[in-house]
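Laboratory data are not the source of any read-out in this text; all were calculated from the coordinates shown. Only a predicted model underlies this, so the values are computations on that prediction, with no experimental measurement involved. Using ideal geometry, Cβ is built from the backbone for each residue, glycine included, and neighbour counts are taken over all protein chains shown.
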Amino acid sequence: MNKQAFLDSLRKNLSGLPQEDIEERVMFYSEMIDDRIEEGLSEEEAVSAVGSIDEKASQEERNISQSHYGIGLIVLLVLGSPIWLSLCIVAIAVAFAVFVSLWAIFVSLAAGVVGGVVACITLLLYGKTASGLAMLACGIVCAGLSIFMFYACLAMTKGTMLLTRKIALWIRKCFVKKEGA
C-alpha cells in the first residue's frame, strides 16, 4: 500500500471524529511515513512499518476520546470547585481537630501522672494519708491510660500518614498518566 492510500483509508476510518482531529492525525502519519522514506525505506516499506490502519484508527480514536474526557473532567472540577474545595477544607479541618484533640488527651493524661504524684507527696507531707494515697491512685490510673492513649495516638498518626500518602498518589495518578497508556 502506498502513502496516499494509507492516509485516505485512515481518514475514512476516523470519519466519526472532529475534522481538525482527523487532519492532525493524518498529518502526523504523513510526516512519520516521510521520515521513514528519508531514512532509506521504500514508500511501501515505510507504510507497512507504521502499522495496520485499523489498529492506528482505533488507537487514535481512544486517544482523542480520552483527551476530550480529560478536558471535560477539568471543566467540571473547575466549575464545581466552590463546593468540593470547601468540603475538602472542612474535612481536613475536622480530621486535624480530632488528631490534635487525641494528642491533647494523651498530654493531659501524662500531666495527670505528674500532678497525681506531686499531689500525693504534698498531701502526705501535710499528714493527709488517705487523700495522698487517693491522688497516687489517680496518678497510676492516668499513667496506665496515658500508655494506652500513646499507642492509640501513634497508630492514628501512622494511619494518617499512610492515608495521606495514598491520597497524594491517587491525586498524582489523576493528573500524571503513565507513558505506556
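Numbers for the structure displayed
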| item | result |
| --- | --- |
| Quarter of the Cα convex hull surface for the stretch 3-73, i.e. its orientation-mean projected area (nm²) | 4.6 |
| C-alpha long axis of helix 3-13 to longest principal axis of the chain, angle in ° | 50 |
| Correct option for Cα extents along the principal axes in Å [calculated from the coordinates] among [x] 57, 44, 27; [y] 108, 37, 21; [z] 50, 29, 27 | [y] |
| Kirkwood Rh in Å, taken over all unlike Cα pairs in the stretch 90-144 | 12.3 |
| Descending Cα extents along the principal axes, the stretch 112-160, whole Å | 48, 12, 7 |
| Relative contact order of the chain, pairs being alpha-carbon contacts under 8 Å that are 6 or more residues apart, as % | 16 |
| Debye log10 I(q)/I(0) for the stretch 82-175, one point scatterer per Cα, at q = 0.10, 0.15, 0.16, 0.23 Å⁻¹ | -0.46, -0.71, -0.76, -1.07 |
| Farthest positive-ward along the chain dipole, Cα basis, beta-carbon charges - from LEU79, PRO18, ALA57 | LEU79 |
| Computed lengthening from MET161 to ALA93, 0.36 nm per intervening residue step minus Cα-Cα distance | 22.9 nm |
| Helix-only [θ]222 nm of the chain, DSSP H runs n ≥ 4, -39500 (n - 2.57) each, per residue, nearest 500 | -32000 deg cm²/dmol |
| Helix 129-175 vs. the chain, principal-axis angle (Cα, 0 to 90°, nearest 10) | 10 |
